[in-house]
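Enquirer: This is the structure, below, for whatever I ask next.
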Amino acid sequence: MSRALITGATGLVGGHLLRLLNDEPRVTNIVAATRRPLPPMRKMFNPHDPQLSDALAQLTEPVDLVFCCLGTTMREAGSKEAFILADYTLVVDTALTGQRLGARHMLVVSAIGANSKSPFFYNRVKGKMEEALIAQNWPRLTIARPSMLLGHRESQRFNESFFAPLFKIMPGKWKSIEARDVARAMLHEALSPSHGGVAILDSGQLREIAAHTPVY
């Protein structure tokens with residue numbers, strides 16, 4: 001039986017993952033730290049604070065697994081500083097909280113093209129985030145690098161709407177992927193990991209894992 005911490009539960013992948021965790025009999029408790037309160041779920045404790053780091057700082061009960069599905073865009077963030085806060089600082093804070101609470105496995109949503117030396121700001125921040133987590137020396141670290149995510153958002157992102165038809169026909173790891181499949185693959189890797197140490201999974205691998213994951 002496992003106890004899980006999740007951040008980013010209000011997002012596209014995180015929302016699917018939260019529901020899967022709640023329905024998964026091998027998960028006994030869920031701590032979903034958020035900026036704003038969530039609707040109640042039977043296994044979920046929801047510490048919330050407009051400053052997510054303050055919500056994380058409240059936590060004292062042990063967990064086994066940590067999921068981070070935080071992520072935004074430059075347009076949504078509004079500035080480079082706000083983007084770094086959401087996609088780097090709060091991700092690292094989530095991981096450090098998990099380690100403080102005794103977790104042994106961290107699972108995080110990154111992005112295709114993540115590279116700390118990329119000329120593109122978005123990819124560079126994602127790459128630095130991955131390097132920071134690797135440097136924490138997790139016994140097991142799973143990094144999901146999906147391509148364009150498909151699924152319903154409350155507010156559509158222009159680039160995703162504009163490029164969606166193209167990414168649906170892209171080959172291999174570049175092909176877009178349903179957010180629910182990313183969530184299913186992450187849950188599978190948390191409970192029945194197919195990789196040890198640091199595992200970096202692209203869209204093709206995530207899709208394959210999701211296809212073989214039972215839904216309760």
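Enquirer: Going by the alpha-carbon gyration tensor, a ≥ b ≥ c the square roots of its eigenvalues, is the chain rounded (a/c under 1.5) or, if a/c is not under 1.5, prolate (a/b greater than b/c) versus oblate?
Expert: rounded
Enquirer: On the accessible surface of the chain, probed at 1.4 Å, how many percent belong to carbon and sulfur atoms?
Expert: Ligands and nucleic acids excluded, carbon and sulfur give 55 percent.
Enquirer: Would you tally the net charge around Ile84, using a Cβ to Cβ cut-off of less than 13 Å, leaving Ile84 out, and scoring K and R as +1, D and E as -1?
Expert: +1
Enquirer: A further question on this structure: Would you mind getting the accessible area per residue of the chain, heavy atoms of the protein chains only, 1.4 Å probe, in Å²?
Expert: Averaged over the residues of the chain, the accessible area is 49 Å².
Enquirer: Viscosity 0.692 mPa s, temperature 37 °C: Stokes-Einstein D of the range 59-123 from its Kirkwood Cα radius, in µm² per second?
Expert: In µm²/s, the coefficient rounds to 254.
Enquirer: So, one more: Provide the packing ranking of 11-22, 114-125, i.e. peptides ordered by the mean count of other C-beta atoms within 10 Å per residue, highest first.
Expert: For the peptides 11-22, 114-125, the packing ranking is 11-22, 114-125.
Enquirer: At 7 Å along the Cα-to-beta-carbon direction for both Thr60 and Leu96, put a label point, then send me their distance in nm to one decimal.
Expert: Each label point is offset 7 Å from its Cα along the Cβ direction, giving 2.1 nm.
Enquirer: In the chain, what is the count of Lys pairs whose alpha carbons are under 15 Å apart, counting only pairs at least 8 residues apart or on separate chains?
Expert: Pairs that pass both the separation and distance tests number 4.
The values are calculated or read from the model by the stated rules, or taken from the named source; none is laboratory data. Bear in mind that the values here come from a model prediction, so they are computed numbers and not experimental data. No Cβ is skipped: glycine too gets one built from the backbone with ideal geometry, and neighbour counts run over all protein chains shown. These area figures cover heavy atoms from the full protein model, side chains too; ligands, DNA and RNA do not enter into them. Shrake-Rupley method; radii C 1.70, N 1.55, O 1.52, S 1.80 Å.
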